[in-house]
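Engineer: This is the structure I want to talk about, given as structure tokens.
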Amino acid sequence: MEVIQLSGYVQDEKVEIARKHLLPNVRKESGIPAGALRFQTSAIQHLIRWYCREAGVRNLRKRIEQIFRKVALKLGRDASTKVTITNKNLKDYVGMPVFDKDRIYEETPAGVVMGLSVNSMYGGSALFVEAIKVSNTEGPSFTITGQFGKVMSESSSIAFSHAKFVLETLQPGNEYFKKAAIHLHIPDGAVPKDGPSAGITMVTALISLALGKPVRPHLSMTGEV
């Protein structure tokens, strides 16, 4: 088993850094009194989840500074202004969310499986590996598209071979892969070197497609075969 090192902070840590360090520091620099601007904890969580998913807190500080600048403008026009930042009015100060959802599928169809990717910007994210059967008059084939590097390309070939072996084990005589034209798509997340990849996710997607059985939508996986 391989240990994946994720640099940066989880959401709860970012919330505490914002409350104990970022907000006091930016407030001091801006000169805005505590009574003029308040942040609900849920608003900070919302800001982190939908605007600032990167591993560090640099962008989080920039977003907080943006809020303080807009409130400072309001105070310049009316010194009696008091603002409370909530989930509902957050977009008035920082714009529309950068990320609009966590999941593409609420219920995954057969051939679609959620995997895990590691990246330097966000630390990690969920991705969906999608396998479909396409019309092809030239006979059986296997095509892979998406963002993938050399390791991921090799993984897909191994995954396809392993999926054929597993299907034959589960259902001897099932010739699905011998007759079907398969298209496997990986939205993003290729790991450029010998770290964990999406091999197990691709195998599961292919088997799910061949059997016509959806995988549980809240199940995610990573690793090679």
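The values are calculated or read from the model by the stated rules, or taken from the named source; none is laboratory data. Keep in mind the model is a prediction, meaning the values are calculated, not measured. All Cβ positions, glycine included, derive from the backbone under ideal geometry; neighbour counts span all protein chains shown. Keep in mind that these areas ignore ligands, DNA and RNA; they rest on the heavy atoms of the full protein, side chains included. Shrake-Rupley method; radii C 1.70, N 1.55, O 1.52, S 1.80 Å.
Engineer: Kindly indicate the residue of the stretch 110-156 that is touching a Pro at 6+ places or on another chain (Cβ under 6 Å) and more than 10 Å from ILE186 (Cβ to Cβ) and also modelled with the lowest pLDDT among those meeting that condition.
Structural biologist: Restricting to residues being touching a Pro at 6+ places or on another chain (Cβ under 6 Å) and more than 10 Å from ILE186 (Cβ to Cβ), the top hit is GLY149.
Engineer: Could you tell me whether LEU37 is touching a strand residue (DSSP E or B) at 6+ places or on another chain (Cβ under 6 Å), open to solvent by less than 30 Å² (accessible area, probe 1.4 Å) and modelled with pLDDT of 95 or more?
Structural biologist: yes
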